[in-house]
Structures are given as structure tokens and as C-alpha cells.
Protein chains: 2
Amino acid sequence: MMNRINVNLPEQSYEIAIASGNLDNLGEQMSSLQLRKKILLVSNPTIFKHYGERAIASLKAANFEVVSCTLPPGERYKNLNSIQKIYDVALENRLERSSTMVALGGGVVGDMTGFAAATWLRGINVVQVPTTLLAMVDSAIGGKTGVNHPQGKNLIGAFHQPRLVLIDPEVLKTLPMREFRAGMAEVIKYGVIWDAELFAQMEASKNLNQHRYVKPELIDSILTRSCQAKADVVSKDEKEAGLRAILNYGHTIGHAVESLTGYRLVNHGEAVGIGMVAAGQIAAELGMWQKEDTQRQDALIAKAGLPTKLPAGVDIEGIIEALQTDKKVKDGKVRFVLPTQIGVVTVTDEVPSDIITAVLRGMQG
Amino acid sequence: MMNRINVNLPEQSYEIAIASGNLDNLGEQMSSLQLRKKILLVSNPTIFKHYGERAIASLKAANFEVVSCTLPPGERYKNLNSIQKIYDVALENRLERSSTMVALGGGVVGDMTGFAAATWLRGINVVQVPTTLLAMVDSAIGGKTGVNHPQGKNLIGAFHQPRLVLIDPEVLKTLPMREFRAGMAEVIKYGVIWDAELFAQMEASKNLNQHRYVKPELIDSILTRSCQAKADVVSKDEKEAGLRAILNYGHTIGHAVESLTGYRLVNHGEAVGIGMVAAGQIAAELGMWQKEDTQRQDALIAKAGLPTKLPAGVDIEGIIEALQTDKKVKDGKVRFVLPTQIGVVTVTDEVPSDIITAVLRGMQG
């Protein structure tokens with residue numbers, strides 16, 4: 001069965017197509033978009049070994065001409081040097097304005113392929129084939145692309161919407177446990193900011209911390225409802241003029257924690273988990289959210305096998321300082337997304353820094 | 001007297017404001033756009049020495065907070081390394097999404113500042129203050145931004161419209177003669193593709209090859225009519241889906257010539273002049289354009305002090321090969337913009353390569 005979710009945008013809408021075994025339909029689905037024949041598939045060596053051949057076979061069966069390149073895995077290679085490598089392959093193979101880059105991989109591959117596609121010949125097509133839970137429910141949808149600056153995450157980038165997001169839930173079977181958990185952080189985020197029913201479904205599940213222990217129906221629901229939430233928000237606010245900011249729930253402090261630990265000690269999802277715990281407590285301190293709901297949220301984060309404390313040794317002053325370089329800062333004020341009930345959040349830049357400090361102190365490991 | 005030309009676009013329109021002494025109005029005009037206070041002014045050392053202080057004084061008088069950086073001049077520094085320098089200054093000074101970069105300079109400064117603004121925090125404001133004739137009538141308008149790949153010009157880039165284009169014709173007084181002539185190539189282009197009246201005005205002028213010999217009224221007309229032509233075309237086709245391609249008149253072979261001579265021997269305008277001569281002759285060979293009109297065009301190009309022959313030693317096979325890496329290639333076919341009468345052009349990808357070769361042979365110096 002194929003689930004199709006539409007991302008409605010003024011300039012060009014696109015579908016998120018979710019189905020088991022979907023990887024073998026890649027060529028056919030790209031054909032139906034009337035994309036021209038030249039394809040550059042970008043991946044990382046591990047993912048490419050697992051799924052590269054199948055993706056390429058599907059593309060070739062649909063008469064596409066495919067070249068591929070792999071980039072070293074990991075957030076620390078998400079930089080302009082890796083983008084240069086994509087450019088070089090694009091030039092060597094004479095990609096044209098009507099050609100398409102296909103991102104086969106997790107968030108790092110997706111963000112970089114999207115940025116290369118956004119900036120090669122001032123913008124060519126990109127198709128996202130996310131292979132991690134995090135990329136499926138979050139980074140592959142919505143057109144945010146980019147790389148890191150040595151001193152800050154995602155500071156360099158562009159908005160560039162994909163022509164198609166193709167999801168095959170079966171590839172989650174080869175996803176390392178820690179990365180599955182990281183993706184669950186974003187799924188829990190959708191429960192808190194948008195979809196109380198999804199939150200309730202996860203609360204009702206005995207396990208959340210390993211793919212093989214989560215019932216297939218819940219996996220389906222997690223993918224479909226999360227993608228729908230992201231599509232709803234992005235359709236209403238493509239370029240983060242307002243509503244879209246709510247997707248940054250947990251990300252304000254999360255980014256600071258990632259950055260201070262050099263993108264190594266905690267991964268993005270773990271950082272977001274920590275950020276949601278912090279944001280929930282800030283909301284409770286400000287009297288905006290019931291203490292009981294923060295506990296329900298934190299229990300769900302813990303059930304997904306995610307940390308709810310700061311990594312040992314992280315400097316709280318350092319976090320406060322790092323918040324100032326966040327993209328969301330406006331006139332020096334840090335914006336926070338804070339829950340008011342499960343499924344509903346609000347955005348504020350009126351959080352006193354002593355409250356932030358107090359909450360972070362309470363979260364020291 | 002202030003001439004204002006509107007560039008109408010679906011997402012955000014903007015003005016081209018042309019007036020003598022306009023540089024001193026920069027701050028005031030940016031204020032009226034309600035831009036927030038942080039400004040990063042980007043320039044090159046020569047231009048900054050001439051006009052940096054005045055621009056900054058005007059901005060400060062309007063309560064902007066200004067930092068600046070200068071980049072080495074010349075097409076060969078139009079690369080990602082220079083963009084990295086802008087990013088570093090942006091980070092150091094904590095530019096925010098609501099901040100603005102101001103490009104004070106020619107096409108290289110404008111293209112790079114525009115690209116840095118397009119990609120910093122996924123897009124911040126940019127204001128273009130062009131100081132060369134070429135940048136005034138062409139590159140500062142329309143949102144094309146980018147840098148060169150070592151193997152091809154402008155292969156890396158993005159569409160990013162400015163919030164304002166501010167032109168002060170007085171700065172042309174310090175423009176080197178060769179650069180004035182280069183700008184005239186684009187002005188002649190507008191005459192051929194769009195504005196027969198502008199063409200006639202230039203034909204009627206005794207001199208076109210030095211700023212000080214061209215009457216101020218003609219300079220005014222050149223700036224206003226050229227900017228209007230560019231604004232008309234860009235308003236109708238922001239992202240080069242169709243009509244905008246006509247702006248590439250003379251650029252197909254022009255880019256190849258620039259690339260083959262390492263961006264040193266001929267400058268962009270000279271290359272466009274050569275490209276227009278070639279395109280005109282191709283059109284005549286194909287029976288699309290009257291021989292007499294090609295001669296009128298070539299006479300105007302020569303009167304502007306621009307070359308009408310290929311630089312000595314340029315390999316014609318090399319030009320044919322280089323055409324294949326042009327951004328405008330689609331399914332391996334090279335698109336040409338060809339005139340059918342003065343003021344009117346058409347686009348075709350049906351030019352036999354033996355005609356291209358024959359025309360280029362006839363243009364060997």
C-alpha cells in the first residue's frame with residue numbers, strides 16, 4: 001500500500017510517497033514527474049553498499065542515465081569541501097539545468113545534496129530518498145538545505161524544495177539503533193507541537209527504543225503522521241516567516257548542545273531530546289505548561305532511549321553564549337518554542353536568561 | 001532628479017533608484033525599506049577607497065550599525081574562498097536573518113555578496129550599489145548571484161533578488177575606460193534585443209568609447225533605458241524559464257571566449273561584444289537577420305571601442321567544445337539568442353555547428 005502526502009506550495013508542490021519496497025519504484029515515480037534523463041545520485045559509502053544498486057537499477061529500468069558519488073559519512077563532513085566534490089562530479093558529467101540530483105541517505109546526505117542542487121547552475125532538481133528515520137520524518141521534507149560553518153551548524157544554506165520525497169520503511173531495518181532513537185526525538189516533537197493523537201499512540205506502545213520492538217502499524221503511523229505534520233506546517237509557511245518556527249521545538253538549546261560537544265558526543269536527535277526536556281521545563285517554570293505534561297513528555301523521551309540530562313561536562317555558560325549565534329536570534333533576542341498543551345506550542349522571545357540557566361543547572365548529568 | 005524603475009516580482013518587488021549623488025542617500029533609502037540595523041558592507045579595496053566612507057557615513061547617519069569587508073578584485077577571486085571570507089565576517093559580527101549585506105562595487109562584488117546573502121542563514125537581505133556601468137545596467141538587477149567553478153563561469157549560484165538597487169551615475173567618473181567600454185557592450189545588447197530607440201540614440205552619438213565624451217543626457221538615457229529593459233524582462237520571467245534567456249544575447253560564445261582565455265585576456269563586456277558580432281553573423285547566415293543590420297550593430301560595437309574579432313590564438317575547436325558546458329545547454333543542444341530585427345530577438349537551439357565554425361573562422365584576428 002502506498003501512502004501519499006502532498007506538500008502544497010505556491011511555486012511547485014510535491015509528494016511524499018511512503019510504501020514498503022518503494023526503493024524499487026524510484027525510477028518509475030521519477031519518470032511520472034517527467035524529469036529528464038541525467039541523474040546524479042549522491043550517497044555515503046555505507047548506505048550505497050546497502051541500497052545503491054537497487055536504486056540505480058530502478059532508475060536505469062526507467063531509462064535514466066545515472067552517475068553516482070559518495071561522500072564521507074557524518075556531520076563533520078557536512079561542509080563546503082564536500083559540496084565542492086558534488087560540483088566536480090556534476091561538471092565532469094555535464095549535468096544540465098534540467099538534470100536531477102538524488103539524495104540517497106540520511107540528513108547529512110540530504111542536506112548537502114539539496115544544497116548542491118540549489119546552487120549548481122543556480123538550481124537544478126533534487127529528489128530525496130531518506131534512509132534514516134530522522135531524514136524521513138524531518139530533514140528530507142520542506143526544502144531546508146545546507147552545510148555547517150566551522151563555528152555553527154547549518155549557517156550556510158538555501159531553501160530548495162525537492163520534486164519528490166520517496167520513503168521505503170523497510171530500509172529502517174538496517175538503521176543502527178542509536179540512529180533510530182535519534183529519529184524518534186523528532187517524532188516525539190511532532191506529538192508535542194502538532195499531533196496529540198500521535199503522542200497518545202506512542203504513550204500506548206510498550207517499546208519505542210528499537211525498531212524491531214515497535215509494531216509495524218505504529219511505524220506506519222509514526223511515518224505517516226510525522227510527514228503529514230511536517231507537510232502541513234511547511235505548506236503554510238515555506239520560508240519560516242512564522243508558523244514554521246514551531247518545528248524548532250527543542251532545537252534552540254539542542255543546537256547549542258550539539259555545537260558545544262563538537263557534533264560528536266551527542267547526535268542531532270539526542271540533542272533535540274535534551275532540548276525538548278529543557279524547553280518543557282522552561283514552559284513549566286513560566287507557568288505556561290502543566291508540570292504533569294512535562295513529565296509525560298520526558299517519560300516518552302526516556303522510553304525512546306534518549307538522554308534527558310545534559311552530557312557530562314557541558315558548560316552552561318557556554319550554552320547561553322552559543323544561543324546568541326543561533327539563526328533564530330532577532331535583535332539579539334533568543335526565540336523559544338514552548339508547549340502550552342500536548343499538541344500545541346507557542347513562540348516567544350521573552351524568556352529570562354536566569355530561568356534558562358536554572359533549568360539547565362537542574363539538567364546536569 | 002531621481003529616476004525610479006520598479007522590478008515587479010511575485011514574492012518581493014524592488015526599485016532601481018538612479019540619481020546623481022545618490023550614494024549619499026543610501027542610508028535614507030534603506031531606512032524607508034524598514035531594514036533592521038545590522039549591515040555588512042562588502043567591497044573591493046579600490047572601490048572602498050573611493051566610496052566606502054561616503055556609503056558608511058550615509059548608513060550611520062540613518063542609524064545603521066555597519067561593519068565592512070573587502071575582497072580582492074577581479075574575476076579570478078570570484079570563488080568559494082572569497083564567499084567563505086564573507087561568511088566569517090558575518091559570523092564574527094553575528095549577522096541575523098533580518099540583517100542586510102550591501103554590495104558596493106562591480107559585478108564581481110555584486111555577484112559574490114548576493115550569493116553570500118542568498119546562502120547565509122538560508123537567505124538574508126541584500127542591497128546592490130553597483131559602481132561599474134556593467135553592474136549598473138546588468139548584473140546588479142535581477143537576482144542572479146554566484147561564483148565561478150575552476151572550470152566554468154557562474155556554475156555555482158542562486159537566484160536572490162536585492163531589496164534595492166541604488167545607482168549614482170557620478171561614480172562612473174572614476175571608472176577605468178576599459179571597464180566603461182565593457183559596460184557599453186551590455187547597453188548595446190539592450191538596443192539589439194529590446195529597445196530600438198536606445199540603439200538609435202547611440203548611433204546618433206559621435207562618441208561612445210569614453211565616459212567623458214558621451215553627453216550626460218545620453219548617459220542618463222543609457223542607464224534608465226537599460227535598467228528598464230532589464231527590469232521588464234526580469235519582471236516577466238524571474239527564473240529564466242523562457243523570455244529571460246534573451247538577456248544571454250552574445251553570451252553563449254562570449255562565455256566560451258572568456259573561459260578559454262582564462263578570464264584574463266578579454267573582460268566580460270569585450271567577450272559579449274565578440275559574442276554579439278558572432279551571433280549577428282550566425283543570424284545573417286541563417287537568413288534570419290539582414291546583413292545591413294549586422295553591420296549597424298558591429299559599427300556600434302566598434303564605436304564603443306570594443307573588439308569585433310576573436311583574440312589572437314583562441315582555438316575555434318576549443319570554443320565549440322566549451323559551448324557544451326554552458327548552463328544553457330539542454331539535452332546537449334546549445335541555445336542561441338539571434339536577432340531578427342533591431343530591438344527583436346528569438347531563441348533557437350537549431351544552429352548547425354558548421355555555421356558556428358564558419359562564422360568564428362571569419363572572425364579570427
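The values are calculated or read from the model by the stated rules, or taken from the named source; none is laboratory data. These numbers come from a predicted model, not from an experiment. Virtual Cβ from ideal backbone geometry, glycine too; neighbours counted across all protein chains shown.
If you take just the strands (runs of 3 or more DSSP E) that sit entirely in region A:1-48, which of them hold at least 2 residues that are in contact (Cβ under 8 Å) with a residue 12 or more places away in the chain and more than 17 Å from A:V102 (Cα to Cα)?
Because the criterion is at least 2 residues that are in contact (Cβ under 8 Å) with a residue 12 or more places away in the chain and more than 17 Å from A:V102 (Cα to Cα), the strands (runs of 3 or more DSSP E) in region A:1-48 that meet it are A:3-7.
Could you figure out which of (1) in contact with an Asp or Glu (Cβ under 9 Å, 6 or more places away or on another chain); (2) surrounded by fewer than 24 Cβ atoms within 10 Å (Cβ to Cβ) isn't true of B:A302?
Checking B:A302 against (1) in contact with an Asp or Glu (Cβ under 9 Å, 6 or more places away or on another chain); (2) surrounded by fewer than 24 Cβ atoms within 10 Å (Cβ to Cβ), the one that fails is (1).
Which of the residues belonging to region B:78-113 are of a type outside the set (D, E), part of a helix (DSSP H, G or I) and more than 17 Å from the chain's Cα centre (by Cα)?
B:L80, B:N81, B:S82, B:I83, B:Q84, B:K85, B:I86, B:Y87, B:V89, B:A90, B:L91 - these are the residues of region B:78-113 that are of a type outside the set (D, E), part of a helix (DSSP H, G or I) and more than 17 Å from the chain's Cα centre (by Cα).
With the condition kept exactly as written, say whether any residue in region B:168-175 is away from every other protein chain (no Cβ under 14 Å) and among the hydroxyl-bearing types (S, T, Y).
Within region B:168-175, one or more residues are away from every other protein chain (no Cβ under 14 Å) and among the hydroxyl-bearing types (S, T, Y).
Would you check which residues across region A:51-88 are under 14 Å from A:T100 (Cβ atoms), surrounded by 21 or more Cβ atoms within 10 Å (Cβ to Cβ) and within 14 Å of chain B (Cβ to nearest Cβ) and list them?
A:F64, A:I86
Quick one: in region B:3-50, which of the residues that are of a type in the set (S, T, Y) and more than 20 Å from the chain's Cα centre (by Cα) is surrounded by the most Cβ atoms within 10 Å (Cβ to Cβ)?
B:S31
In region A:21-37, which residue that is at negative phi and among the polar types (S, T, N, Q) is nearest to the other protein chains (Cβ to nearest Cβ)?
Selected residue: A:S31.
Please enumerate the residues belonging to region A:51-68 that are hydrophobic (A, V, I, L, M, F, W, C) and either part of a loop (DSSP other than H, G, I, E, B) or under 22 Å from the mean Cα position of the chain (by Cα) (or both). Give the steps one after another, and end with the answer.
As a first pass, look at region A:51-68 and keep what is hydrophobic (A, V, I, L, M, F, W, C): A:55-57, A:59, A:61-62, A:64, A:66-67.
Result: A:A55, A:A62, A:F64.
Being at pLDDT 95 or above and not in a helix (DSSP H, G or I) is the filter here; which residues of region A:226-270 pass it?
Those that are at pLDDT 95 or above and not in a helix (DSSP H, G or I): A:Y249, A:G250.
Considering each of B:V147, B:V171, B:V129 in turn, give the residue that is touching a strand residue (DSSP E or B) at 6+ places or on another chain (Cβ under 9 Å) and in a helix (DSSP H, G or I).
Answer to the selection: B:V171.
B:D237 versus (1) under 30 Å from B:Q12 (Cβ atoms); (2) in contact (Cβ under 8 Å) with a residue 60 or more places away in the chain; (3) within 14 Å of chain A (Cβ to nearest Cβ): which is the lone unmet condition?
Going through the list (1) under 30 Å from B:Q12 (Cβ atoms); (2) in contact (Cβ under 8 Å) with a residue 60 or more places away in the chain; (3) within 14 Å of chain A (Cβ to nearest Cβ), B:D237 breaks only (2).
Quick one: would you say B:T113 is farther than 22 Å from B:D24 by Cβ and of a type outside the set (D, E, K, R)?
no
Name every residue in region B:304-357 that is within 14 Å of chain A (Cβ to nearest Cβ) and part of a helix (DSSP H, G or I), in order of residue number.
Within region B:304-357, B:E321, B:A322, B:L323 qualify.
Go through region A:143-163 and count every residue that is buried (at least 23 other Cβ atoms within 10 Å of the Cβ) and more than 13 Å from chain B (Cβ to nearest Cβ).
1
Would you please name the residue that is farthest from A:G365 (Cα to Cα), looking only at residues in region A:276-299 that are small (G, A, S) and buried (at least 24 other Cβ atoms within 10 Å of the Cβ)? Talk me through it step by step, then tell me what you get.
Looking only at region A:276-299, we keep the residues that are small (G, A, S), and these are A:278-280, A:283-284, A:287, A:299.
Subsequent filtering for residues that are buried (at least 24 other Cβ atoms within 10 Å of the Cβ) retains A:278-280, A:283.
Values: A:A278: 13, A:A279: 17, A:G280: 17, A:A283: 21 Å.
The residue in question is A:A283.
For region B:234-243, how many residues meet the condition of being farther than 17 Å from A:E96 by Cβ and surrounded by fewer than 22 Cβ atoms within 10 Å (Cβ to Cβ)?
First, the residues of region B:234-243 that are farther than 17 Å from A:E96 by Cβ: B:234-238, B:243.
This time we only want the ones that are surrounded by fewer than 22 Cβ atoms within 10 Å (Cβ to Cβ), so: B:235-238, B:243.
Looking only at that region, the number is 5.
Please enumerate the residues belonging to region A:244-270 that are of a type in the set (A, V, I, L, M), surrounded by 20 or more Cβ atoms within 10 Å (Cβ to Cβ) and within 22 Å of A:A302 (Cβ to Cβ).
A:I253, A:A256, A:V257, A:V266
Restricting to region B:89-119, and then to whatever is facing chain A (nearest Cβ under 10 Å) and under 24 Å from B:L133 (Cα atoms), can you tell me which residue is surrounded by the fewest Cβ atoms within 10 Å (Cβ to Cβ)?
B:A118
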